[in-house]
1. For chain A, set up a Gaussian network in which alpha carbons nearer than 10 Å are linked by springs, and say which option among A:102, A:51, A:68 fluctuates the most.
2. Pick out the long, greasy-scoring helices in chain A: whole DSSP H runs spanning 24 Å or more along their own axis by Cα, mean Kyte-Doolittle at least -1.0.
3. Does region A:37-116 classify as rounded, prolate or oblate by the C-alpha gyration tensor (a ≥ b ≥ c root eigenvalues; a/c under 1.5 gives rounded; else a/b over b/c gives prolate, otherwise oblate)?
4. Per DSSP H run of n ≥ 4, the term is -39500 (n - 2.57); total these for chain A, divide by its residue number, and report the mean residue ellipticity at 222 nm rounded to 500 deg cm²/dmol.
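Every number in this text was worked out from the coordinates using simple rules, so none of it is lab data. From a predicted model like this one, the values you see are computed outputs, not experimental measurements.
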Amino acid sequence: MPTVTRMSNEIDDRLLALFAEARQTLPDAEFLQSFLARMERARRRQRLRRIAAVVLLGLLAAWVTPSILATTAAVAQAVGEQSRSYGALVISPAGWGISMLIGFIVLLRTGALRRR
Amino acid sequence: MTPALPGGALAAANETTVVLLAMNGDDEAYGELVRRRQGAIRNLLRRLTREGSLADDLAQQTFVHGWQSIRALKSPGAFGGWLRKLAVNFWLQHARSSRQEVALDEDLRAENPVASVSRQLDLDAALAQLPSDVRLCIVLAYNEGMSHGEISQTASIPLGTVKSHITRGSARLRELLHAYGDAHVQ
């Protein structure tokens, strides 16, 4: 049991003595037993919460995955179709011209064409 | 990672070691901490609640919460203060949830401050006459030996308020105990 020895502020000594007298040595066996039972319940609750979270995540995944897969497939298909038309554009004379123009702008901005 | 201690060594180990073990998930070490600290926490809560069973219930909630969140402790040396703060928070939570009941008690006392007090007045009964914030400051100062600054931090009450609560609370406590002929305060 800790004893009170440190009082950095002004305090009434008579009241201090009264509080010291009132401090009891309490029987601990029943308290500790009851605490251990409570801790075990808390541990069980924690475990159940974890299991529930995993089950919930599993259900969520099962529910959401088909729509995610369908959306991904649609996006991939759209990108594939787009890239086919971009591919045709890139190998056309206009595509070459635009590519060269972009390259020229990049060189200009990096200063590679500047005289030293 | 702190290695576990062999059986029986826990009781002899210093508190820092035991706290470190508990912070690493050693439940036996935490049990040892509960064994060492239960008296102080239960006494503190008894002064605050005046009811042994309620105090023990709040003490158990404190220790269970402590077990669940001990990994959040910044340093092993802070364990005692941290636990005391948890206990105070549980008591404040309880006091707030039963505020209506307290307010009713205070109204009755205001009508007849001395006559409504039981003849078997003791320190806890006198403490029960104080408003909860004042009681908290008084108990932390006299029962726990905390300075005004420490009380301000633990109870989240401004320093000036703590000082005034302790001055007014001490005077009121002396007055109540004197009214019932307590030789200690005459």
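1. A:102
2. On the way: long enough: A:29-90 (84 Å, 0.39); A:93-110 (26 Å, 1.44).
Counting only whole DSSP H runs, the qualifying helices are A:29-90, A:93-110.
3. Working: a/c = 13.46, a/b = 2.42, b/c = 5.57.
Oblate shape, in that a/c is at least 1.5 and b/c is the bigger or equal ratio.
4. Working: 3 runs with 90 residues, N = 116.
It lands at -28000 deg cm²/dmol.
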